[in-house]
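The values are calculated or read from the model by the stated rules, or taken from the named source; none is laboratory data. What you see is a predicted model; the values in this text were computed from it and never measured. Note that each Cβ is placed from the backbone with ideal geometry, even for glycine, and that neighbours are counted across all protein chains shown.
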Amino acid sequence: MARILVTGGTGYIGSHTVVELMQQGYDVLIVDNLSNSNIEVLDGIEQIVGKRPDFCRMDCLDYPGMDRLLSQYSDIRGVIHFAASKAVGESVEKPLLYYRNNIGSLVNLLELMRAHAINNIVFSSSCTVYGQPSAEHLPVDETAPIQKALSPYGNTKQINEEIIQDEAHADKSLHAIILRYFNPVGAHPSALIGELPNGVPNNLMPFVTQTAAGLRQKLRVFGDDYNTPDGSCIRDYIYVVDLAKAHVKAVERMLAETAEEQVEIFNLGTGRGLSVLEILRTFIRVTGVDIPYEIVGRREGDIEQVWAEPHKANTVLGWKADTPVEDVLRSAWNWEKHLRGIK
Ligand code: NAD
Ligand code: WQD
């Protein structure tokens, strides 16, 4: 079976993807500098799959190191590039760190792929590239206009997409699949891997589970005066295991060389928008754990409502996010309980 290089493979989405790849028989090499993940993730993967993935602690910015590694692993057929810094707020404080890491890593990787005759890359992009789509573009499909990024982080995703397009134009042997994720949530059903937020979570789901576990006093719901049915913001929450499976489909498509275009773009979401209050109420209902919350003012820069039109991924990739949200929320809670040793 083919070997896939997974950068950022000990991270949240990467680790779930490694599990799905290995369960489909792929050999995996993970490269991660562990800047936002732990080495123990490898134990979780091994417990789930029954086999340990090859791992190299390395920074994607280390060009000579990556060059040596790719020489050593001459069986790599494709790359899934997750490695990036992803905290929106931090990117506003430290833009250069984000530009260096997120842009430099991709440029190095594309250059090295060319040098080592690796022609396939799957890239982690984000629905953030759409900003707030206008009403006629909701749900948002891949043809919706890209809007000026609201943060350096968001801008790195837009620039990365352009870099991939330009390189594919210059190098006709390069094939890329750009995946624009909506809001990934939940954890593996085994509760052996999941999201490991650093410090106080900015994202909704880890904040909810940490409040349920008693680590946070209460959830602050950012705004109930939006132009939505219950006034809170709407997102498309996609189960991380469903998301991981889309990567396997993307890899299969690239290796089979059936792509219609050199660079293909897919929105990965459920097609269903849920409000913050709906998530909260569903979480309380399915876990039986109460979440104290208060409605506070809007969070600066928040998008009012966005959810995916995943038709292209459904038909072309043959993939669908179909895990019920109840199961997804339960998985997030089971993972939090596992982390905190709660029975
Ligand atoms: P994560 O932080 O859990 O995983 C990223 C991994 O990359 C981490 O393990 C980190 O240690 C590693 N890393 C970072 N810079 C590196 C470098 N220079 N060299 C080697 N390793 C490096 O994040 P995630 O949530 O799994 O996100 C994965 C990708 O998906 C990122 O590109 C992110 O921007 C993108 N994305 C995430 C979301 C989300 O909400 N989680 C949404 C859309 C897109
Ligand atoms: C979801 C909803 C908040 C926390 C971010 C990035 C985006 C992408 C995904 C990478 C919003 C509300 C949240 C809280 C709340 N990442 N909320 N109380 O903002 O959709 O997107 O992560 O590409 O680029 O910007 O996700 O989880 O932060 O928020 O009420 O304590 O939950 O206002 O409506 P978001 P989120």
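Among the listed residues Gly44, Gly9, Gly25, identify the single one that is within 12 Å of ligand 1 (Cβ to nearest atom) and either in contact (Cβ under 8 Å) with a residue 24 or more places away in the chain or under 22 Å from Gly199 (Cα atoms) (or both).
Values: Gly44 fails: within 12 Å of ligand 1 (Cβ to nearest atom); Gly25 fails: within 12 Å of ligand 1 (Cβ to nearest atom).
Just one listed residue meets the conditions, Gly9.
What pairs come up if the first residue lies in region 88-106 and is of a type in the set (Val, Ile, Thr), the second is in a helix (DSSP H, G or I), and their beta carbons are under 7 Å apart, counting only those six or more places apart or on different chains?
Partner pairs satisfying both residue conditions: Val88/Tyr153; Val92/Pro152; Ile103/Thr156; Ile103/Ile159; Ile103/Asn160.
I'd like to know if region 238-247 contains one or more residues that are touching a residue at least 24 places away in the same chain (Cβ under 8 Å) and over 22 Å from the mean Cα position of the chain (by Cα). Spell out the reasoning first.
The initial filter retains those residues of region 238-247 that are touching a residue at least 24 places away in the same chain (Cβ under 8 Å), namely 238-247.
Filter once more, keeping what is over 22 Å from the mean Cα position of the chain (by Cα): none.
Within region 238-247, not a single residue is touching a residue at least 24 places away in the same chain (Cβ under 8 Å) and over 22 Å from the mean Cα position of the chain (by Cα).
Condition check: more than 23 Å from Leu106 (Cα to Cα) and within 16 Å of ligand 1 (Cβ to nearest atom). Does Thr270 satisfy that? First the steps, then the outcome.
Values: more than 23 Å from Leu106 (Cα to Cα): yes; within 16 Å of ligand 1 (Cβ to nearest atom): yes.
Yes; evaluated as a whole, the condition is true for this residue.
Got a sec? Which of Ala168, Ala144, Ala176 is modelled with pLDDT of 95 or more, small (Gly, Ala, Ser), closer than 27 Å to Val241 by Cα and surrounded by fewer than 21 Cβ atoms within 10 Å (Cβ to Cβ)?
On the way: Ala168 fails: closer than 27 Å to Val241 by Cα; Ala176 fails: surrounded by fewer than 21 Cβ atoms within 10 Å (Cβ to Cβ).
Among Ala168, Ala144, Ala176, only Ala144 is modelled with pLDDT of 95 or more, small (Gly, Ala, Ser), closer than 27 Å to Val241 by Cα and surrounded by fewer than 21 Cβ atoms within 10 Å (Cβ to Cβ).
When the residues of region 249-267 are filtered to those that are part of a helix (DSSP H, G or I) and within 16 Å of ligand 1 (Cβ to nearest atom), which remaining residue is farthest from Gly318 (Cα to Cα)?
Filtering region 249-267 for residues part of a helix (DSSP H, G or I) gives 249-256.
This time we only want the ones that are within 16 Å of ligand 1 (Cβ to nearest atom), so: 250-251.
Working: Ala250: 10, Val251: 12 Å.
By that ranking, first place goes to Val251.
Kindly establish whether Tyr153 is more than 14 Å from Ala308 (Cα to Cα) and surrounded by 17 or more Cβ atoms within 10 Å (Cβ to Cβ). Talk me through it step by step, then tell me what you get.
On the way: more than 14 Å from Ala308 (Cα to Cα): yes; surrounded by 17 or more Cβ atoms within 10 Å (Cβ to Cβ): yes.
So Tyr153 passes the test.
When you go through Ser91, Ser105, Ser85, Ser124 one by one, which is the residue that is within 16 Å of ligand 2 (Cβ to nearest atom), in a loop (DSSP other than H, G, I, E, B) and within 19 Å of the chain's Cα centre (by Cα)? Walk me through how you get there before you give the answer.
On the way: Ser91 fails: in a loop (DSSP other than H, G, I, E, B); Ser105 fails: in a loop (DSSP other than H, G, I, E, B); Ser124 fails: in a loop (DSSP other than H, G, I, E, B).
After ruling out the rest, the residue left standing is Ser85.
May I ask you to list the residues in region 187-233 that are under 23 Å from Pro310 (Cβ atoms) and either within 16 Å of ligand 1 (Cβ to nearest atom) or at pLDDT below 95 (or both)?
Ala187, His188, Glu195, Asn203, Leu204, Met205, Cys233
Please work out which one of (1) of a type in the set (Val, Ile, Thr); (2) part of a loop (DSSP other than H, G, I, E, B); (3) closer than 30 Å to Glu309 by Cα is the condition Ile118 fails and give its number.
All conditions pass for Ile118, except number (3).
Please go through region 282-335 and give me each residue that is at pLDDT 95 or above, surrounded by fewer than 18 Cβ atoms within 10 Å (Cβ to Cβ) and small (Gly, Ala, Ser), ordered by number.
Within region 282-335, Gly288, Gly297, Gly318 meet the criteria.
On the basis of being free of Cβ contacts under 8 Å to residues at least 60 places away in the same chain and either within 23 Å of Val200 (Cα to Cα) or surrounded by 14 or more Cβ atoms within 10 Å (Cβ to Cβ) (or both), does Met58 make the cut? Show your work before the answer.
Values: free of Cβ contacts under 8 Å to residues at least 60 places away in the same chain: yes; either within 23 Å of Val200 (Cα to Cα) or surrounded by 14 or more Cβ atoms within 10 Å (Cβ to Cβ) (or both): yes.
Yes; evaluated as a whole, the condition is true for this residue.
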